[in-house]
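Taken together, the values in this text are just the output of simple stated rules run on the coordinates, not laboratory data. Quick caveat, the model's predicted, so the values are computed rather than measured.
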Amino acid sequence: MDARAIRMVVIDGLEAGAVRHASRAEFRDAFLDGTVDIELAKLGMDSLAKMELCIAIEVGTGVSLAPEDLDRHETLAALVAEIARRVHA
């Protein structure tokens, strides 16, 4: 699984959690291309959004994360890198 595929899973999870940034086409396209990143804290995710993201990640990649695990990553790119590391471990 490549980084773009993982990024798509993350976008799907953010959309499922109704995170505003994920629905903006310019953010979505740039994030998928790896040319933009955002701090997780700036996404304003509530507990339901975090749970939706974790579910999407597990279903899409097989990597299991708890919502509190998201707080260990400063940015979405860091989260993608961690998921990639676990997928290829």
Kirkwood Rh (inverse of mean 1/r, distinct Cα pairs), the chain, angstrom: 12.6
Length gained when the stretch Ala41-Asp2 is fully extended (0.36 nm per residue, less Cα-Cα span): 11.5 nm
Where the centroid of each part is defined by its Cα atoms, how far is the stretch 17-43 from the stretch 53-89 in Å? 15
Please list the helices of the chain that count as membrane-span-like by this rule: a mean Kyte-Doolittle hydropathy of at least 0.0 together with Cα atoms stretching 18 Å or more along the helix axis, each helix being a complete DSSP H run. 3-16, 47-61
Long-range amide H partners of Thr75 with built H, under 5 Å: Leu40
